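> After the structure tokens below, expect a handful of questions from me.
Just so it is clear, none of the values below were taken in a lab; they were calculated from the coordinates. Note that the coordinates shown come from a computational prediction; the quantities given were computed from them, not determined experimentally. As a convention, Cβ positions derive from the backbone with ideal geometry for all residues, glycine included, and neighbour counts pool all protein chains shown.
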Amino acid sequence: MENTQRVVARLKGNSMTKTNAYKAAGVDVAAGYESVRLIKEDVKRTFNQYVLSELGGFGGVVALPEGYQKPCLISGTDGVGTKLMIAFMMDKHDTVGIDCVAMCVNDILCQGARPLLFLDYIACGKNVPEKIARIVSGVAEGCVQGDMALIGGETAEMPDMYAADDYDLAGFAVGVAEKDQIVTGQHIAAGDVLVGLPSSGVHSNGFSLVRKLIFKDNGLSVDTRVAELGATIGETLLTPTRIYVHALADLIVPYGVRGMSHVTGGGFYENIPRMIPDGLCAKIDTAAITRLPIFDYLQKLGNVSDRDMYNTFNMGIGLVAVLPQNQADAFAAALKAKGEAPVILGEVIASASGEKILL
């Protein structure tokens with residue numbers, strides 16, 4: 001009898017060990033289920049008539065909108081970078097999802113895509129359901145701003161790869177465009193006009209330099225209030241990246257937009273030349289740009305050259321469109337009617353030197 005009791009007790013002990021083994025290794029499956037429960041309503045508010053699947057399936061299903069003759073899918077992926085570290089410092093996680101969507105959807109918009117769907121990927125050291133829910137609420141808000149459905153995602157709890165309070169966030173956007181309406185920049189010509197759309201701030205690029213200037217070199221904190229910014233450093237830096245879908249999607253084809261550039265990592269010098277054909281150059285009048293206070297503050301704080309500023313940051317212009325000169329005024333008026341404040345940045349000129357941008 002005594003031996004039998006020992007065997008039963010040992011079996012029960014082994015069963016408990018197996019049941020809790022994954023949690024003991026650092027992965028809480030129950031927390032994963034709770035995260036899914038908390039995000040359901042936010043995810044569902046992004047759904048539209050094209051979504052054919054429910055949350056929780058192995059894959060998301062979306063129907064192509066009708067009316068396309070030769071539809072092409074345009075995709076993009078990106079993350080938020082070290083801007084996430086500002087969110088960690090402030091323990092504020094409900095806006096970085098907007099940044100994640102913006103970084104992806106603005107890219108595919110630049111090729112003329114109508115956004116269709118979005119997927120997110122969160123990797124973390126510890127799954128805290130309430131934190132995951134705040135992150136995903138931002139992703140959902142970004143999808144609403146970008147007219148796309150959040151049809152799936154992944155939350156990977158990896159305790160040996162990330163510290164308990166850390167996470168990374170990436171996204172994947174897919175849109176559709178008629179084959180002969182894809183924006184490539186190949187039809188840009190000398191005399192075309194560059195029109196810029198204002199940014200909301202630093203957006204999601206250049207944060208390694210930002211963090212060095214503010215925190216490492218000058219010992220400031222996210223709670224430091226700066227008079228010229230009218231806010232704390234943390235509040236200013238966490239301002240979400242603008243999403244330009246509502247402003248631009250309906251205007252690309254009617255106004256003959258020939259090229260677009262999302263001003264991200266590498267600033268003006270890296271991104272604008274990506275749409276300019278060989279033999280041409282984007283001549284930009286920087287005096288036309290209303291520089292946001294954060295850029296003047298950063299430049300002064302680190303004694304950064306103009307060249308480095310325009311080679312790192314968006315400097316107040318988040319997206320640049322190129323179109324024929326005879327469409328520029330009407331295009332700008334259409335943007336103003338949508339509440340935008342477009343800036344005529346300059347023109348495209350011939351270039352024998354091979355340079356594709358002149359500031």
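> Would you compute, from DSSP H runs of 4+ residues alone, the mean residue ellipticity of the chain at 222 nm, taking -39500 (n - 2.57) per run and dividing by the full residue count, rounded to the nearest 500? Please report the intermediate quantities before stating the final value.
Values: 12 runs with 125 residues, N = 359.
After summing the helix terms and dividing by the residues of the chain, the value is -10500 deg cm²/dmol.
> Calculate, in nm to one decimal, what V253 and T82 gain on full extension: separation in residues at 0.36 nm each, minus their alpha carbon distance. All intermediate terms of the calculation are to be shown ahead of the outcome.
Values: separation 171, 0.36 × 171 = 61.56 nm, distance 3.54 nm.
58.0 nm is the gain from fully extending V253 to T82.
> Mind jotting down the distance between the C-alpha centroids of the stretch 306-359 and the stretch 252-267, whole Å?
Distance between centres, Cα-based: 9 Å.
> Order these by the 10 Å Cβ neighbour count, fewest first: D91, D99, D192.
Details: D91 10, D99 29, D192 25.
Final ranking by Cβ density, sparse to dense: D91, D192, D99.
> Let me ask you something else. Let me know the shape class of the stretch 120-272, please: from the alpha-carbon gyration tensor, a ≥ b ≥ c as square roots of the eigenvalues, rounded when a/c is under 1.5, otherwise prolate if a/b is greater than b/c, or oblate. Display every interim value, and only then the final one.
Numbers: a/c = 2.27, a/b = 1.37, b/c = 1.65.
Oblate, because a/c is 1.5 or more while a/b does not exceed b/c.
> For labels at D306 and A63 in the simple 7 Å Cα→Cβ model, what's the distance in nm?
5.5
> What length, rounded to one decimal in nm, is gained on full extension from S200 through to L358, with 0.36 nm per residue of separation minus their alpha-carbon distance? Don't skip to the end; give the middle numbers.
On the way: separation 158, 0.36 × 158 = 56.88 nm, distance 2.41 nm.
Result for the pair: 54.5 nm of gain on full extension.
> Please compute the length gained on full extension between A21 and T290, using 0.36 nm multiplied by the number of residues separating them and subtracting their Cα-Cα distance. Before the final figure, lay out the partial values.
Numbers: separation 269, 0.36 × 269 = 96.84 nm, distance 5.75 nm.
Using 0.36 nm per residue and subtracting the Cα-Cα distance, I get 91.1 nm.
> Roughly what would the spin-label model give for E154 and R45, points 7 Å off Cα along C-beta, in nm?
2.7
> When the label point is put 7 Å from the Cα of A123 along its Cα-to-beta-carbon vector, which residues of the stretch 25-42 have a backbone N closer than 12 Å?
none
> Based on the Cβ-Cβ distance from A231 to R37, what FRET efficiency comes out when R0 is 45 Å, to the nearest 0.05?
That pair, A231 with R37, gives E of 0.85.
> Taking Cα centroids, how far is the stretch 23-97 from the stretch 137-164 in Å?
That distance is 4 Å.
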